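FYI, it's all coordinate maths here, none of it is from the lab. Remember, it's a predicted structure, so these values are computed and weren't measured experimentally. Cβ placement follows ideal geometry from the backbone for every residue including glycine, while neighbour counts extend to all protein chains displayed.
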Amino acid sequence: MASLAVMWLATAAADALRPTLSLIIPTNSRPEFVRHALDMIDRQAYPTSLIEVIVVDDSPEPLRLPELR
């Protein structure tokens with residue numbers, strides 16, 4: 001049990017040293033592209049708590065995004 005706590009602390013310390021990533025996804029009425037991009041971001045090993053995603057859609061119709069976690 002102690003080794004698990006040490007691993008968690010080491011991971012938390014390493015995450016504290018990593019920068020927050022801001023990812024910008026430009027699109028124009030392409031929800032399938034946005035969904036694919038979000039899926040690829042979700043599959044990364046980088047901590048999701050350190051990632052922010054900004055979707056910029058310049059189409060006249062509202063973009064329907066998938067439910068985010």
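Taking amide hydrogens as placed 1.01 Å from N in the peptide plane, the amide H of residue 55 sits under 5 Å from those of 25, each at least 5 positions away in sequence or on another chain.
When ranked by the protection proxy of mean other Cβ atoms within 10 Å per residue, highest first, what sequence do the peptides 22-32, 40-50 form?
22-32, 40-50
The 3J(HN,Hα) values that the Karplus relation (6.51, -1.76, 1.60; θ = phi - 60°) gives for segment 23-28 are, in residue order, 10, 10, 10, x, 7, 9 Hz. Gly and Pro appear as x.
Residue 24 sits among other residues whose Cβ lies under 13 Å from its own Cβ, and their net charge, with Lys and Arg +1 and Asp and Glu -1, is -3.
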